[in-house]
């Protein structure tokens with residue numbers, strides 16, 4: 001299908017993203033691709049005046065047949081522009097895009113990781129050839145088209161049509177330099193006229209205005225000067241009130257999601273807040289989330305905003321503050337170890353760690369949940385992702401990371417980073433990283449299945465400039481950080497809510513019994529734990545551990561009628577929609593039925609983002625889902641848990657990330 005070749009052509013092979021273009025342009029291109037396919041299948045014909053059906057027999061491709069049926073049943077006489085407009089609506093164009101991506105993945109041409117990043121497979125990237133299709137092997141589409149443009153080779157009709165489509169959508173302007181475009185301009189003009197359907201579709205797309213700019217700033221300048229920036233910022237709503245010097249800092253520190261949700265409902269997707277020493281633009285709501293998902297990588301960067309946190313970890317660059325190609329490169333290496341497949345191969349290890357820790361919990365005595373779960377999740381993640389034990393370092397590692405985060409968020413004085421306790425904790429964390437790395441000496445790992453640390457060491461050896469030793473050491477700690485905060489807090493909040501809802505607790509316990517019954521643990525049985533899964537989803541909605549992102553604007557853009565100038569620091573609270581009545585009725589109520597098929601409240605665009613959104617979406621999201629579900633099942637099958645005291649009411653704290661705190665306690669009794 002033309003849509004498949006178009007997407008391969010648009011794919012940035014290093015970053016994993018499709019080449020950016022306005023949605024309307026891409027939708028017109030995909031609609032034109034469908035019409036070209038129908039023309040090649042001899043189902044339609046067209047001239048500059050009219051498009052008509054030659055043969056209404058289905059092709060056997062769902063999306064082509066859908067378009068063919070729409071054209072065939074229409075009794076009117078319409079030109080190609082009419083049908084491109086019909087097929088370019090978001091719903092249909094989105095289906096075309098996803099169907100094309102799915103086919104490319106099934107054919108081994110593309111792959112998509114857990115974070116949604118696309119890339120060509122290693123086989124295609126190295127061989128520059130598609131897998132065999134219909135007995136023929138084709139060169140990678142970009143190389144094929146470029147060869148036609150820069151040589152005198154005569155293209156076949158299909159390639160001529162694709163060149164016409166790519167040219168009409170302005171794609172050559174994005175993939176060729178000015179010099180290259182000048183060199184091949186006459187050649188492109190000649191080739192796009194070779195085929196009638198290609199010429200018709202191409203000229204139609206141009207007439208429809210597919211190349212109009214999207215979201216251009218009000219100023220005609222490429223760079224806004226200081227006065228222009230001040231003017232556009234002054235037009236953004238400023239949240240009233242606040243305290244002298246502190247501004248809105250206290251509200252943001254005590255309950256940021258409640259405060260930011262209220263301001264979003266009052267002011268809309270763009271508003272400004274005052275914090276000590278600065279005013280910050282906030283981008284909130286589904287509008288901001290959709291923008292982040294689709295275009296954030298072009299306009300926002302994390303390097304400066306997250307840089308201090310990474311430097312406290314002893315590095316200059318890490319997954320948290322990388323952007324663009326280098327972020328994708330490191331993320332791709334780490335992704336394999338944070339996929340559900342990895343934990344599925346370590347089900348017994350995961351359960352054994354939970355069971356061994358449970359055996360140390362005192363019976364009938366109050367137990368602080370957060371530190372108890374932290375030991376479980378750090379050890380599970382350490383054994384599964386690095387093959388080593390981390391229990392010896394849990395306390396120091398906890399202090400080390402918590403101190404760094406609180407100082408980064410200016411919730412603790414900076415001198416804590418230089419305290420004796422912190423120096424000891426930093427040395428302990430460094431020692432842990434060294435133990436893990438030394439245990440992965442290639443000579444010691446012969447014959448073993450490579451894990452994330454093996455892959456990171458290989459990346460360091462292949463390109464020490466990209467991943468030098470200090471950043472290799474900091475990156476090695478990534479699995480421990482995930483277990484320390486995100487996973488532990490989510491599991492603790494989930495246990496609290498489940499213990500407050502006996503009917504959910506009983507249903508989850510039944511699922512736990514079924515999971516371990518018969519042949520025992522299997523991935524298929526884990527996937528059937530419906531109540532557990534929905535309980536976790538609702539926990540992540542109600543208690544989003546990482547709900548606020550900080551980013552720097554590197555290119556001026558518009559959102560909801562407001563210009564956001566480059567150089568601004570923006571706050572993006574991606575989980576604000578979690579607390580909006582419009583999307584989640586009675587949003588403060590714990591209701592796991594929100595995720596039943598008949599409701600599917602989380603399926604609304606841009607409203608559910610517990611693991612963040614866009615290029616920096618949490619790399620371990622799906623890993624966490626499986627890990628928490630399996631751990632809770634292990635605990636509930638072996639023990640009866642109860643709140644202590646029975647009427648305990650949890651008061652979540654931001655310290656500065658959301659946590660249930662040490663006041664949340666349970667009692668444990670063996671289950672018979």
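What follows is calculated from the coordinates using simple rules that are stated; it is not laboratory data. Everything numeric in this text was worked out from a predicted model, so none of it was measured. Note: ideal-geometry Cβ built from the backbone for every residue, glycine included; neighbour counts use all protein chains shown.
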Note to self: Compute the distance from the alpha-carbon center of segment 615-650 to that of segment 324-349, in whole Å.
What the structure shows: 21 Å
Notebook entry, point to check: With each label point set 7 Å from Cα along the Cα-Cβ vector, what nm distance links residue 326 and residue 231?
Noted result: 3.6 nm
Notebook entry, point to check: Going by average Cβ neighbours within 10 Å, how do the peptides 237-248, 365-376 rank, with the highest at the top?
Noted result: 365-376, 237-248
Margin query: As a footprinting exposure proxy, order 83, 393, 361 by other Cβ within 10 Å, with the fewest listed first.
Written below: 361, 393, 83
Note to self: Need one number: the % of Cα-Cα pairs in segment 308-670 sitting beyond the 26 Å mark.
What the structure shows: 53 percent
Notebook entry, point to check: Rounded, prolate or oblate: which fits segment 400-539 when a ≥ b ≥ c are the square roots of the eigenvalues of the alpha-carbon gyration tensor, with rounded for a/c under 1.5 and prolate only if a/b beats b/c?
Noted result: oblate
Check: Could you list log10 I(q)/I(0) for segment 70-116 at q = 0.14, 0.16, 0.22, 0.24 Å⁻¹, which the Debye formula gives when each Cα is one point scatterer?
Finding: -0.52, -0.61, -0.82, -0.88
Margin query: Ranking request for peptides 413-424, 309-320, 592-603: highest mean number of other beta-carbon atoms within 10 Å first, then the rest in descending order.
Written below: 309-320, 592-603, 413-424
Next item on the list: Alpha carbons only, please: Rg and Dmax for segment 555-672, in angstrom.
Entry: 19.2, 63
Next item on the list: Would you work out if segment 284-375 is rounded, prolate or oblate? Take a ≥ b ≥ c from the square roots of the eigenvalues of the alpha-carbon gyration tensor; rounded if a/c is under 1.5, else prolate when a/b is larger than b/c, oblate otherwise.
Entry: prolate
Notebook entry, point to check: What ratio of Cα Rg to 2.2 N^0.38 Å holds for the chain?
Noted result: 1.05
Check: Given a Förster radius of 60 Å and the C-beta distance between residue 143 and residue 647 as r, what FRET efficiency does 1/(1 + (r/R0)^6) yield to the nearest 0.05?
Finding: 0.30
Checklist line | Nearest 10 degrees, 0 to 90: helix 488-500 Cα axis against the chain principal axis | finding: 70 degrees
Notebook entry, point to check: Which angle from 0 to 90°, rounded to the nearest 10, does the C-alpha axis of helix 157-168 make with the longest principal axis of the chain?
Noted result: 70 degrees
Notebook entry, point to check: When averaged across all projection directions, what area in nm² does the alpha-carbon convex hull of segment 42-100 cover?
Noted result: 4.1 nm²
Next item on the list: Sticking to Cα atoms, compute the Rg of segment 371-466 to one decimal and its Dmax as the biggest Cα-Cα distance, whole number, in Å.
Entry: 15.7, 48
Check: Can you sort 329, 274, 112 by how many other beta carbons sit within 10 Å, fewest first?
Finding: 112, 329, 274
Check: Once fully extended, how much extra length lies between residue 604 and residue 528, figured as 0.36 nm per residue of separation less the alpha-carbon to alpha-carbon distance?
Finding: 25.0 nm
Margin query: Report the Cα centroid-to-centroid distance between segment 142-167 and segment 246-319 in angstrom, as an integer.
Written below: 45 Å
Item checked: Pairwise centroid distance, computed over Cα atoms, of segment 551-608 with segment 375-441, Å -> 32 Å
Next item on the list: Using a Förster distance of 22 angstrom, determine the FRET efficiency expected from the C-beta separation of residue 152 and residue 45, and round it to 0.05.
Entry: 0.15
Next item on the list: Quick one: angle between helix 178-191 and the longest Cα principal axis of the chain, in degrees between 0 and 90, rounded to 10, please.
Entry: 50 degrees
Next item on the list: Please report, to one decimal in angstroms, the Kirkwood hydrodynamic radius of segment 2-207 built from all distinct Cα-Cα pairs.
Entry: 17.5 Å
Check: For the pair residue 586 and residue 461, how long in nm is the line joining their label points, each one 7 Å along Cα→Cβ?
Finding: 5.9 nm
